[in-house]
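Please read the structure below before turning to the comments.
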Amino acid sequence: MGSAQDIQHQRSNVSLHHDINHDGRVNGQDETQYRHIAYGFTGVAAFGLTVGLLSTAGLARRKAQRRAQAAERKDLAGQREQLRKQLDYGISAGPQQLQLRVQGQFLGWVVRATQAAAARAKRSGQTRAEIR
């Protein structure tokens with residue numbers, strides 16, 4: 001980058017290109033205006049850099065949290081699967097678990113029966129009051 005005096009001594013068509021205030025000559029005022037424009041672009045670039053760094057830091061923090069919770073999720077998924085198998089197959093024969101199994105099956109039957117009745121009523125055009 002040259003100063004205003006260096007640009008002034010170049011060919012006239014190039015110097016008119018650098019004349020930002022259109023006064024017919026390139027001088028310190030043009031140089032100052034270009035400097036202020038450059039400051040503005042520097043601020044915009046610094047803002048973009050800051051947003052990028054903060055976003056990257058937030059992403060790294062979230063990934064670390066997910067890694068920390070992954071083991072806990074895996075344990076909970078195993079427990080859920082074990083409970084699902086116990087409810088489906090009745091693996092243990094304790095009185096409380098047997099009662100839970102029977103109750104779970106009964107509630108499942110009630111839900112299926114209610115859904116079937118609602119489907120029949122919908123097909124026949126009946127309202128809820130007519131079904132009861």
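Descriptive notes on the structure:
- Only one entry in GLN126, GLN82, GLN105 is modelled with pLDDT under 80 and in a helix (DSSP H, G or I), namely GLN105.
- Remark: pairs (first residue in segment 8-28, surrounded by fewer than 12 Cβ atoms within 10 Å (Cβ to Cβ); second residue at pLDDT 55 or above; Cβ separation under 6 Å; 6+ apart in sequence or on different chains) = GLY28/ALA4.
The values are calculated or read from the model by the stated rules, or taken from the named source; none is laboratory data. Since we're looking at a predicted model, the values are computed, not measured. As a convention, Cβ positions derive from the backbone with ideal geometry for all residues, glycine included, and neighbour counts pool all protein chains shown.
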